[in-house]
Each structure stands twice: as structure tokens, then as C-alpha cells.
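Comments concern the structure below.
The values are calculated or read from the model by the stated rules, or taken from the named source; none is laboratory data. Nothing here was measured: the structure is a model prediction, and the numbers come from that model. Cβ placement follows ideal geometry from the backbone for every residue including glycine, while neighbour counts extend to all protein chains displayed.
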Amino acid sequence: MRIMKYSTKTGSLAKQKTDCLVVSLPQAKALAKELGVSSAANLALSDFSNKPGKTTQLVLTRSITRALVVGGVTGKKVSQADYRKMLSAASAALTSTPGKSAIWALATLDVADAKGSQWTTRNALSSLSSAFYTFDAQKKDVAKPSIKSIAVHGDGNALKGIRQAVAIGQALDTGMALARDLGNTPPNICNPNYLLRISRKLATAPKVTVRSLDEKEMTKLGMGAFMSVSQGSDQPGKMIIIQYKGGKAKEQPHVLVGKGITFDTGGISLKPGPAMDEMKFDMCGAASVIGTTKAVIDAGLKLNLVTIVAAAENMPSGGASRPGDVVTTMSGQTVEILNTDAEGRLVLCDALTYAERFKPKSVVDVATLTGAIVVALGSQAAGVFSNNDKLSQELLDAGNYMHDRGWPLPVWEDYQGQLRSNFADMANIGGREAGSITAACFLSRFAKAYPWAHLDIAGVGYQGGARKGATGRPVPMLFQYLLEQA
Ligand code: BES
Ligand code: MN
Ligand code: ZN
């Protein structure tokens, strides 16, 4: 993991010394005038197609090795959509720019309906970090960008907001990179024990403790649903508990719960072969809550946080559970396992019951839970399910702020009937219709003791195809949500 180093810069743009100055066309033209640049540079500026998504590079002065000119600023205000296009074009262009450091002069842009330079900076950092992320743990010839540090330029009133945004953004980007690394790490390395080892590293910071429950302890606690998944694997399952005490001693904690299926074969209800490798990403919920916790610790947020990771591998074996098995959950409710591939809800339900002991202010679980959410929302939005409208709205707002969006879906009583079983209190699947909703309905039966939300991230957590890899979502949404709580 290599993290971009962010800082701030102030003072006149013309006097800056840098390998690359990132500016809009109006800024570049003003600079050219002030500095009296070559006719070649002037020609390049007048020929430039000033559209969002376009960039060009040229030489302005001796001390600024190159200027990266970003298209899109024509009038006074830039729309949010155009700003995003500018961010992705500029970030992409910077990844192939030579030199070690850059100055980013786009944070003071006037973006329509935006929340000032704090917002422009937060979103710029997030775009830059996404573009600069590489994963090269097992493959050495990965194109590595040259730029190692970026200073965000601002002055006057904007500077304070930019400074705060850089400090917070740096913490968020570190957490997001951790989430992506965990997701991308192959499943022969990233097993439940590995998630525990990485989580333990968080405890080197003050106010953080990490502990775990092993299978023996979970059996003793009555976590029959979790154990029914884990029992099919040679890799021992773990319930990982990370506690961060950044708030007052008596303050109720917020709780994050992550689905950490380090590989999902489907179990005896075996998945089909094509793209099964992508089921290494079935721990992206766990990765996102661990990454968010890292960001919260780095940012030193003044709140108490408990992060619970339900880590297990879903394998078919002589010890695996069968369709038809009935298990007793920690809550005492019994479940008929009709499909061993609906394992996420089985590990999560016991984690949700376990969460009660922390008397949570809120519980948010994050899971690559259903293929159906990919059909419903694609890779644009996470499904947001909740038993509490305020909590749900706070998550949606946080997602909007960072453009890491969610969309609400109902957890109505009307759907609960689909989980009826002849042999247990409920079945673990609800039939063909509304698959993501019945999965959420299943979880809701274990989350009655507190305000609860469930994020189904099967669509947003990772990408397939040529750009296959973990996205680090929804770390920005979760972190922003907690930032607002602190
Ligand atoms: N991990 C999968 C969900 C998933 C599917 C994530 C595709 C990403 C892409 C989950 O454990 C699962 O297998 N869900 C089943 C549930 C079904 C058996 C009710 C599904 O969605 O098909
Ligand atoms: Mn499954
Ligand atoms: Zn799964």
C-alpha cells in the first residue's frame, strides 16, 4: 500500500515551484499573461478544447516544470457533474505525469450547489487517491505513477476549509486503500486469520483494542448459524472485535458489522464455475468496516466505535452443512438452511445478536449479500435497508456528500412471509422475488434491539472485467456518516 501524501500550499500561483501545476484554462491564461509566456504556450492555450474531460500539458515558466490544464471552466460556476468529469480527467492525467510532486489549484473552483472548498477538496482527494491506487503485492510489473505528493493550493477564506479537508481526506484515503488491499488479496492468503492479523495492527494506535472469538468460544455462545457456515472449511472462523474509544467513557458506541466471507463457493449449494474467483471479494463488507475504522482512528474522531467482523470461509466438504439442516442462532431463533449459498446472513445474524451487548447507538452492517442488488442498482448505488428513517437518511446524505451513493429499499413486514419454514422459525432464503429485500428482512429479525441499517454492497464493493478489483466503497459513505456523528 502506497499512499499519496497530501499537504496545502498558499501564495501566488506564478511563484510556485513544482513538477506539475494543475489549473483550469482561465487560471492558465491568467498565468500566461502575468508571466509573459512563449508564443507556443499561448497557441496551445488558445487551441485547447475547454471541455470537461479534456486536459493538456504545457510549459509556462522555469520553476513550474509543466502545467496540467484541465478543461471545463467556462463561466463562473461549474456544475457538480462537470466538476466530477474534471476530477477524473485530471487525476488520470496526473498518474502518467513525470516528476515527484504536484500542486492542485482546482480546490477554489465555484461548484454549483456545493459546500465550499472543504467539499471540493474532499472530493478531489478521493478522486486522486482512486486513480493513484495500485495493487502490486504479487505482480511486480504494475504501472506505478511517478507523482508521490500533492499540495492543494488555496488562500484567504478557503484555506482553513482546505486544511481541514486535507487532514480528514488523508485519513479517509488511508482507510480506503486498506479496504482495497484487503479485498484484492487472494483468498489463499486473505482467510479469516489474515483478517484478524491485519485488524490487530490497528491496536498499535492508542485507544484501540482488538480481540477475537474462536470457533470454540462462538459455539459456547450459541452462534449456531455462524458455525454452520464455518464448519465446512479447514480455515477456522473468527469473530473479530475492534474497539476504538475516541469518545467519552460512558458514551454509547456506534457499531459497524462486516461480512467477511473470505471465499464463497456456495458450499454444498455450489456456485457455477464462471467468475467464481470474484467470490474472493465476498469479504469486501469486512474490508470496508476495517478500512473505515482505520480512517476513524487516523482522523481521531471523538466517538466510540465497535467494529465486528464475521470472518469465515464457505466451502463444501464432508463437514459442511446441508440444505435442510436446522440450526439455532445465538438469539435462540432457529433457521432452516434451504440454500448453503445464502451464507452471509447466517454469519451476520449471530454478529448482530452479539452486537447487543455493546448497547449501540446505531448498528450498520455491510455485506456483499445478494446478486439481486446488482440487478436492481448496478454498480452505482449500495442498497440501503433500515429499521430507522433517521439513520437511513444520515447514511444516504453521507453517501451523497462523497458521491459514494446508496439508495433506499423497503424492509416491510409484507415481505417477511417469504421466509416461512415448515421446520424452523424461518428459512434462510425467501424465493425468487425481491431477493435483496428478503435477505434484509432475515437480518432485521436479529436487529430489533437498536437502530439498524444494512448496506448491500454486492454491486459497489468491487468491479469485474478488465478493471477487476476492490473499489474501497462504501468507506467514504461510512466515514462521512461517522464524521457527522462525532
Ligand atoms: N456472496 C453472494 C452474493 C453475491 C453474488 C455477491 C454475486 C456478489 C456477486 C451471496 O453469498 C450469495 O450467494 N447470495 C445468493 C443468495 C441466494 C442463494 C438466496 C444470491 O444472491 O444468489
Ligand atoms: Mn453465497
Ligand atoms: Zn456470499
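Observations
- Taking the range 281-328 as the range and being within 16 Å of ligand 3 (Cβ to nearest atom), within 18 Å of Val208 (Cα to Cα) and small (Gly, Ala, Ser) as the test, the residues that pass are Ala286, Ala287, Ser288.
- Out of Gly464, Gly472, sole residue that is surrounded by fewer than 22 Cβ atoms within 10 Å (Cβ to Cβ) and either among the β-branched types (Val, Ile, Thr) or touching a residue at least 40 places away in the same chain (Cβ under 8 Å) (or both): Gly464
- Selection status of Lys33, more than 30 Å from Leu182 (Cβ to Cβ) and in a loop (DSSP other than H, G, I, E, B): no
- The requirement of being part of a helix (DSSP H, G or I) and more than 20 Å from Ser12 (Cα to Cα) is not satisfied by Asp113.
- Checking Thr438, Thr471, Thr368 one by one, the residue that is touching a Phe, Trp or Tyr at 6+ places or on another chain (Cβ under 7 Å) and farther than 20 Å from Leu256 by Cα is Thr438 and no other.
- Each residue in the range 138-156 was checked for being assigned to a loop (DSSP other than H, G, I, E, B), surrounded by 13 or more Cβ atoms within 10 Å (Cβ to Cβ) and either at pLDDT below 95 or not basic (Lys, Arg) (or both), and 5 pass.
- Against the test of being away from ligand 2 (no atom under 16 Å from the Cβ) and without any contact (Cβ under 8 Å) to a residue 40 or more places away in the chain, the options Val296, Val289, Val210 yield a single qualifying residue, Val210.
- Annotation: of all residues in the range 201-220 being surrounded by fewer than 16 Cβ atoms within 10 Å (Cβ to Cβ) and in a helix (DSSP H, G or I), the one that is farthest from the chain's Cα centre (by Cα) is Lys220.
- For Thr340, the stated conditions do not hold, so it cannot be described as within 13 Å of ligand 2 (Cβ to nearest atom), polar (S, T, N, Q) and within 22 Å of Leu455 (Cβ to Cβ).
Yes/no matrix, rows are residues, columns are (1) within 12 Å of ligand 1 (Cβ to nearest atom); (2) in a loop (DSSP other than H, G, I, E, B); (3) touching a strand residue (DSSP E or B) at 6+ places or on another chain (Cβ under 9 Å):
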position	(1), (2), (3)
Val229	yes, no, yes
Ser233	no, yes, yes
Lys248	no, yes, yes
Ser269	yes, yes, no
Lys280	yes, no, yes
Ala311	no, no, yes
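- Residue tally, condition in contact with a helix residue (DSSP H, G or I) (Cβ under 6 Å, 6 or more places away or on another chain), closer than 14 Å to Lys100 by Cα and among the β-branched types (Val, Ile, Thr), over the range 1-21: 1
- For the range 444-486, a residue qualifies if it is among the aliphatic types (A, V, I, L, M), under 17 Å from Gln393 (Cβ atoms) and not in a helix (DSSP H, G or I), and the qualifying residues are Ala453, Leu455.
- Leu125 vs. criteria part of a helix (DSSP H, G or I) and under 20 Å from Ile3 (Cβ atoms): yes
- The range 344-399, residues that are β-branched (Val, Ile, Thr) and under 15 Å from the mean Cα position of the chain (by Cα): Val364, Val366, Thr368, Val384
- Looking only at the range 31-48, and only at residues there that are farther than 15 Å from Ile64 by Cβ and small (Gly, Ala, Ser), the one that is farthest from the chain's Cα centre (by Cα): Ser39
- From Arg445, Arg405, residue being of a type in the set (Lys, Arg), touching a residue at least 12 places away in the same chain (Cβ under 8 Å) and more than 30 Å from Pro323 (Cβ to Cβ): Arg405
- Residue count, the range 84-128 (criterion: over 18 Å from Asp397 (Cα atoms), of a type in the set (D, E, K, R) and over 21 Å from the mean Cα position of the chain (by Cα)): 2
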